[in-house]
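Reviewing the structure listed below.
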Amino acid sequence: DNSTNNNNIELDVYSPTSNIPLGGNGAPCVVIFATSFAQPSTLKKVLEERILRRSMDVSTGRMVVPPTQLVCISTVGTERTTKLPYSMKNFMSGGSYETRRQIEEVVMGIVQNRIVDEQHPAMDYTILKLNGDKFLPHDSSSSSIPSLQIRPGDILDDPTTIDTAIDVTIQAIMKQPFARNATFCISGRSNEGISNSEKDPSVAQNYWQE
């Protein structure tokens, strides 16, 4: 279903230490929160040994097709740990920003190093970076909240709203080819929701294009 209505999206939520189904339960996409993993090796093991492993559904006798898209939600500053304020934040948090960067690299590496064949279809990744310290209030009456910005790489600093973060993530998963195999950072608020692109597809597309 290409609808971005949240009611049409089925989510299975697992912690890194839970019994994650082989093949990701047949889900087409996996959303990974970088802050959920203390070690990048844990994520690599979970992906290779559980989520991306082909398996048989015993109830139907059919092969479970593993996900072909990885979306990693991370924080801005993971590529700027030698510059203030992120060098200090990284130091004060025991190197958490460096760890999150390593987790991003695990996601990119699994996709980029994948050997594609009949049993292992091509995969895509998206790295989405948010301000890791706070979210803006979603107050439509406030004119002080900046408008949404989506930029390639790790260059923005300002926070976003929870609704905007969800909206951008849904866009990355379902609709925007510009989000595939790329890293983006976001800040500000989407006033009307960029996923409402059925009315004007160019509105959402313009946010994603450089």
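The values are calculated or read from the model by the stated rules, or taken from the named source; none is laboratory data. Bear in mind that the values here come from a model prediction, so they are computed numbers and not experimental data. Here the Cβ is made from the backbone with ideal geometry for all residues, glycine too, and neighbour counts use every protein chain on show. SASA here: full protein model, heavy atoms, side chains in, ligands and nucleic acids out. Shrake-Rupley method; radii C 1.70, N 1.55, O 1.52, S 1.80 Å.
Taking the condition open to solvent by less than 70 Å² (accessible area, probe 1.4 Å), polar (S, T, N, Q) and within 30 Å of residue 28 (Cβ to Cβ), does residue 131 pass? Yes: the conditions hold for residue 131.
Checked across the range 54-61, the condition of being out of contact with any strand residue (DSSP E or B) (no Cβ under 6 Å at 6 or more places or on another chain), surrounded by 14 or more Cβ atoms within 10 Å (Cβ to Cβ), over 19 Å from residue 104 (Cα atoms) and at pLDDT below 90 holds for no residue.
Residues in the range 93-110 that are aliphatic (A, V, I, L, M) and open to solvent by 20 Å² or more (accessible area, probe 1.4 Å): 106, 108, 110. Total residues in the range 25-53 satisfying the condition of being assigned to a helix (DSSP H, G or I), buried (at least 18 other Cβ atoms within 10 Å of the Cβ) and among the β-branched types (Val, Ile, Thr): the figure is 2.
Scanning the range 157-188 for residues that are assigned to a helix (DSSP H, G or I), under 19 Å from residue 133 (Cβ atoms) and open to solvent by less than 20 Å² (accessible area, probe 1.4 Å) turns up 164, 165, 168.
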